[in-house]
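Asks: Right, I'll just put the structure down here and ask away after.
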C-alpha cells in the first residue's frame with residue numbers, strides 16, 4: 001500500500017535535515033519505494049503495515065536518527081487524494097491555500113481558533129471531509145492572527161499544514 005508521511009517542523013527553527021537522509025531512515029525502518037517531495041518533509045513510500053503501526057515505527061526511527069521529537073502524520077494514497085480533490089476555494093495568484101494534516105478532530109480545534117481570530121481581506125477557512133482548509137493572502141501567512149495560533153506549543157503534535165499545490169506534486173509521485 002502507498003502512503004505519504006507528512007513530517008511536522010522540518011527545516012524550520014533549527015530542525016534541519018536532508019531529505020536523502022530522511023529517505024534512508026525510512027528505508028532502514030523497512031519501507032519500500034521511498035521518495036521525498038520538496039524539502040518540507042513529505043515522504044512517499046510503500047508498506048504492508050497499517051498507518052497506526054507506521055506512525056509509531058517511523059516517529060521512533062526519525063527521533064533516534066535526528067535527535068529530536070519527531071511528529072509524523074501518515075496518510076494513504078486515497079486519503080492524500082482527498083486533500084487535493086476537496087479544496088473548497090477558487091485558486092487565485094494572490095492567495096495561498098493550505099490544507100491541514102493532523103489527528104482526528106483537529107479540524108474542529110482549528111476552525112474554533114480561526115473563528116476567534118481577526119481576519120485579513122480574503123482570509124477564510126472551511127472544513128471539507130474532515131480536512132481544514134485555510135485561504136490567506138500571500139505575504140500574510142505568518143502575520144495573520146490565525147497564523148500566529150498555528151505556532152502554539154500546545155498544538156505542535158496535532159497537525160502540520162501544506163500548500164495545496166504540494167498535494168498535487170505528492171500525488172504525481174504516488175501514481
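FYI, it's all coordinate maths here, none of it is from the lab. Since the model is a prediction, treat every value here as computed from it, not as a measurement. We place every Cβ from the backbone using ideal geometry, glycine too, and count neighbours over all the protein chains shown.
Asks: Can you give me the distance in nm between label points at residue 128 and residue 60, each placed 7 Å from the Cα along the Cα-to-Cβ direction?
Replies: About 3.8 nm, to one decimal.
Asks: Here's something else I'd like to know. With the Cα gyration tensor of the stretch 62-103 giving a ≥ b ≥ c as the square roots of its eigenvalues, does the rule (a/c under 1.5 for rounded; else a/b larger than b/c for prolate; else oblate) give rounded, prolate or oblate? Could you put the intermediate results ahead of the total?
Replies: Values: a/c = 3.93, a/b = 1.91, b/c = 2.06.
It comes out oblate by the Cα gyration axes.
Asks: Hey, another quick one. Tell me the angle of helix 164-174 to the major Cα principal axis of the chain, expressed in degrees between 0 and 90 and rounded to the nearest ten.
Replies: 20
Asks: Using a 10 Å cut-off on Cβ atoms, rank the peptides 159-167, 2-10 from the highest mean neighbour count down.
Replies: Working: 159-167: 19.4, 2-10: 22.6.
Top of the packing list down: 2-10, 159-167.
Asks: With contacts defined as alpha carbon pairs under 8 Å and 6 or more residues apart, what's the relative contact order of the chain in percent?
Replies: That works out to 25 percent.
Asks: Compute the acute angle (0 to 90°) between the alpha-carbon long axis of helix 51-66 and the principal axis of greatest extent of the alpha-carbon atoms of the chain; round to the nearest 10°.
Replies: It is inclined by approximately 80 degrees.
Asks: Ordered by packing density, taken as the mean number of other Cβ atoms within 10 Å over each peptide's residues, highest first, how do 83-92, 67-76 rank?
Replies: 67-76, 83-92
Asks: Taking the Cα centre of each part, how many Å lie between the stretch 1-63 and the stretch 72-135?
Replies: Rounded to whole Å, the Cα centres lie 22 Å apart.
Asks: For the stretch 84-174, what does the alpha-carbon gyration tensor say about shape, rounded, prolate or oblate, given a ≥ b ≥ c as the root eigenvalues, a/c under 1.5 as rounded, and a/b over b/c as prolate?
Replies: Here the stretch 84-174 falls in the oblate category.
Asks: From the helices alone, meaning DSSP H stretches of at least four residues, give me the mean residue ellipticity at 222 nm for the chain, per-run term -39500 (n - 2.57), in deg cm²/dmol to the nearest 500.
Replies: Value at 222 nm, helices only: -10500 deg cm²/dmol.
Asks: Does the stretch 2-79 come out rounded, prolate or oblate by the C-alpha gyration tensor, with a ≥ b ≥ c the root eigenvalues, rounded set by a/c under 1.5 and, if not, prolate when a/b is larger than b/c and oblate if not?
Replies: prolate
Asks: For the Cα atoms of the chain, what angle does the longest principal axis make with the long axis of helix 106-116, in degrees from 0 to 90, nearest 10?
Replies: Result, in degrees: 20.
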